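Shown next, in structure tokens, is the structure this report addresses.
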Amino acid sequence: MTRSVQVISMRTWGELGNLLAGRTLAATLAAGLEKADVTVVEAETIFPQFAEAGAAIRELVAARLPADEVRAGYLRLMADFTGRLPADLDDDPVPAATAERLAPVVEHFTRTKPDLVIGTKGVISRLSHAALRVADLTAPVVNYVTNEGLLRLPVHRAPHLPVHLVQFDRARDYLIREHGYRPGRVVPVGRLLAQAQAAQVFEGAAGAVDSGDAVGALDPALTATSTRILILSNRGGREYLAALERIARAHPDAALVFVAYDNPALAAEAAELLIELKVPAWQTFDRLAQGDYLRYLSWLNAADAPLFISKTGPNSMLEGLYFGIPQLLVRSGLPMEEWVGPFLAEHGVGQGFDRMEELVEVAVRWVGDPDELPRRRSRAAALARTLLDPDRARRRTVAAVAAVLDGAPLPIDEKEGEPCSPE
């Protein structure tokens, strides 16, 4: 009998990152589970308040405020959203007034009758768990943690849920140590990236990979130098253009790729600047499809001295780390991204900065030192082989979800096949 698995993700929280993570998870499960129909549900379609909060988050991020103001604003939004959730959401049984507020979610589950629900944010998992009980359905809920920084926000913590899948041991240790989660309920499964595409690119597949608007063959000038720098400005501003100019003037022989995401004017200005400076190897974009973006990460990986510069987004950081790339990242201000800079420094593969000016000073120095980037590239590659093993992540994720579907013990021990009881 085919079993129904629903992966419920946010479209409007996190600039599509959460939805993409949900889709990657769903594709992994669809390929690895036997007799399972895996679908992705956008959380906003069954609980409209998510969309309202998502719009407020997007407006805050788009304002391009200083990092401290972004942090304070985001925490205010989360406090407001938490205050509008039923205070007794996690009670058992669910009070009648709370059940009424969850009516759209309850109706969705009553109609679709899933065998398993996976929430890609803690608040989704909490609402799903409550709504399933109101609907008198026994489907278990798996809380899939896409970003360990979310665990610092109370709205996403749910120790009462039966299963939590986290990326790394450090996240599991934090939940057990700081919030009393039961050890047998928290499973470290590794990080799922867009591995089907990443593997093709990483192995040197020719042409764009599932990219839609493919960028075509790489300019030969970009591959003629061993020092390569990619600057990604995702909702960034002119500070990224200033960084590009400073680095280009200091190191004109480095190959430079500048991506001003959704900002054609900034991309065009960057192109004019690089022409004016007579930089021999460069390219600018205002958007890159996922396959093309991965090709440029592969381009960095092939260099002796690669460097990635962006904001402290966990998704882009881990994608870069998968390709063994040293990184310098400027703090975004979003509280769930505060761990990214210290994580890079802890492993010696990069740094986070409060100000772009500080980042640029280090970038110029690192690029000018013939040993610095190669040494950090070696560390990043070694870390990627252990922390971001794609086969292991797929295997452990599928095994954990299969165990929940089958009512079997959860495999949390490092020695695969040595299970741990969920209780």
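Here are the numbers:
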read-out: For the stretch 212-387, the fraction of alpha-carbon pairs in successive 5 Å shells from zero, as %; value: 1, 9, 19, 23, 24, 16, 7, 2, 0
read-out: Solvent-accessible area, 1.4 Å probe, carbon plus sulfur percent, for the stretch 212-387; value: 48 percent
read-out: Length released on extending from Leu218 to Asp354, taking residue separation times 0.36 nm less the Cα-Cα span; value: 45.6 nm
read-out: Net lengthening on full extension, Arg111/Arg249 (0.36 nm per residue, minus Cα-Cα); value: 43.5 nm
read-out: Cut-off 9 Å between beta-carbons: net charge of the residues surrounding Ser4, Lys and Arg +1, Asp and Glu -1; value: 0
read-out: Ranked by how many other beta carbons lie within 10 Å on average, peptides 127-134, 349-356 from highest; value: 127-134, 349-356
read-out: Shape box of the chain [Cα atoms, principal axes, largest first, Å]; value: 68, 43, 40
read-out: 15 Å beta-carbon shell around Leu222, net charge (K/R +1, D/E -1); value: -2
read-out: Aspartates and glutamates whose Cα lies under 12 Å from that of Lys278, excluding same-chain neighbours fewer than 8 positions away; value: Glu245, Asp253
read-out: Diffusion constant of the stretch 318-400 at 4 °C, which comes from Stokes-Einstein with the Kirkwood Cα-pair radius and 1.567 mPa s, µm²/s; value: 94 µm²/s
read-out: On Cα atoms only, tilt of 49-62 relative to the major axis of the chain in degrees; value: 20 degrees
read-out: Neighbourhood charge, 12 Å Cβ-Cβ cut-off, centred on Ala139 and excluding it, Lys, Arg +1 and Asp, Glu -1; value: +1
read-out: Exposure of Ser125 as accessible area (Å², to 10), given a probe of 1.4 Å and all protein chains; value: 0 Å²
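The values are calculated or read from the model by the stated rules, or taken from the named source; none is laboratory data. All values reported here derive from a predicted model rather than from experimental measurement. Cβ: placed from backbone, ideal geometry, glycine included. Neighbour counts: every protein chain shown. When the accessible area is computed, the model is the full protein with side chains, heavy atoms only, and any ligands, DNA or RNA have been set aside. Shrake-Rupley method; radii C 1.70, N 1.55, O 1.52, S 1.80 Å.
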